[in-house]
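The structure appears right after this line, and notes come after that.
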Amino acid sequence: MLRYFTSGESHGEALVAFLSGLPAGLAVNQEFLDRDLWRRQQGYGRGGRMKIETDKAHILSGVHHGITIGSPIAVLLENKDWKNWQESLPVAEGDPAKHKAVKSPRPGHADLAGALKYNFSEARYVLERASARESAARVAIGALAKLFLQELGMEVLSHVIAVGATSLNREVPWEQIKAVSNKNDVLLSCADPEIEQRMKEEVDKVLKTGDSVGGVFEVVAHNVPPGLGTYAQWDERLDAMLAAAVMSLQAVKAVEIGSGISAAASPGSQVHDEIGYEAKDGYTKFSRPHNNAGGIEGGVSNGQEIRVRGYLKPISTLRRPLQSVDFQTREPVKAAYERSDVCVVPAAGVAAEAMTALTLARAALEKFGGDSMLETKRNFAGYLEQLKGF
């Protein structure tokens, strides 16, 4: 089983990600990992932290001579901002006078809930781990999961379909999504240039007022075969696993698969994808004219593109802070402010790609198994032959 977790704080010395369960013999492309880390840092509306960090994946274990060896993989991401925080957040006791306390909780952030849970007198330690900086570690191991999926012919990418009140109201084909991800001059990762400019105007509005803005990203998994996930148990349903994975990202407050939200207000005749039969090569001879299901029916992938949307609330840290309460005096004050972004929708999409890839890789390994890539690919090829003969 594919297992993973991360460690590290926003202003700590480093982030570390651990990934266990990848088969031996997978070629690891360092440039691919670093490219995804770079993509996560891009987008109009990012803050000053992105000018400090230049994330590179430093693989510590589990990969030698450019291939996985079947043992757990550890990846380290250096926090270059650490040099500015060593005295404020030392591992040892240090000087308490140099500690940078978060004295008033920010509405919408984990500050207050975390302080109550862990009995902290202020929210510095909550901020450090709850920060979206942690998602960089997920992107690093998510890129490894993407490399695994590519060996099975699957790809995972994202694009932005809404920022604030501006949205792209059409399905974007795979080739356009690939074109967006290949850009080196990232604005807001929208496939429609005209709408992207209007999205930029949404960001400009909040920049002027000291506010922040959210939006919607869509992750698309291309060329996924039918049969991943199962309806047999509630926690093995692919849509449930994907929803949990994407919802686990900081600031995501809703997840949609396919046309799930509009489907709730539509008659069944307009929602369910009719089934046809065509004599053609591929995973299956069955076809559908639409993909309202988002590639998943009954918790199982059905052979169409998997489309998952994440709804991202505006960032909680505002340059024009909201009302809060002082932790010590309990008197009304403005919420704490730390250097922050105003829009992170494209970056959140890249992090969601990682979580989607990790989820699909886990489901694929559960179905096809294999301790080496040779074994996994042999099992996968046999399954495709089975589908073609159905």
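Bear in mind that the values in this text are calculations on the coordinates, not laboratory data. All of these numbers come straight from a predicted model, not from anything done at the bench. So basically every Cβ, Gly included, is an ideal-geometry build from the backbone, and we count neighbours across all protein chains shown.
Quickly estimate the mean residue ellipticity at 222 nm for the chain, helices only: each DSSP H run with n ≥ 4 gives -39500 (n - 2.57), and the total goes over all residues, rounded to 500.
-10000 deg cm²/dmol
Given Cα pairs under 8 Å that are at least 6 residues apart, what percent is the relative contact order of the chain?
23 percent
Count charges around residue 298 for me, please; just the other residues with Cβ under 14 Å from its Cβ, Lys/Arg as +1, Asp/Glu as -1.
Spelling it out: positives minus negatives among the neighbours equals -3.
Could you list the trypsin sites (Lys or Arg not before Pro) in the range 319-390 that lie in coil according to DSSP, counting only those with at most 10 other Cβ atoms within 10 Å of their Cβ?
The qualifying sites are 330.
Tell me the trypsin sites (Lys or Arg not before Pro) within the range 213-304 that lie in a loop according to DSSP and have at most 16 other beta-carbon atoms within 10 Å.
280, 285
Students often get this wrong, so check it: of 146/367; 178/253; 178/388; 80/103; 146/253, which have C-alpha atoms separated by over 20 Å?
178/253; 178/388; 80/103; 146/253
By counting other Cβ atoms within 10 Å of each Cβ, how are 116, 384, 168 ranked from fewest to most?
116, 384, 168
Tell me which aspartates and glutamates have Cα within less than 15 Å of residue 98's Cα, excluding those fewer than 8 residues away on the same chain?
87, 122
Find how many whole Å separate the alpha carbon centroid of the range 75-107 from the alpha carbon centroid of the range 154-209.
When both Cα centres are located, 34 Å separates them.
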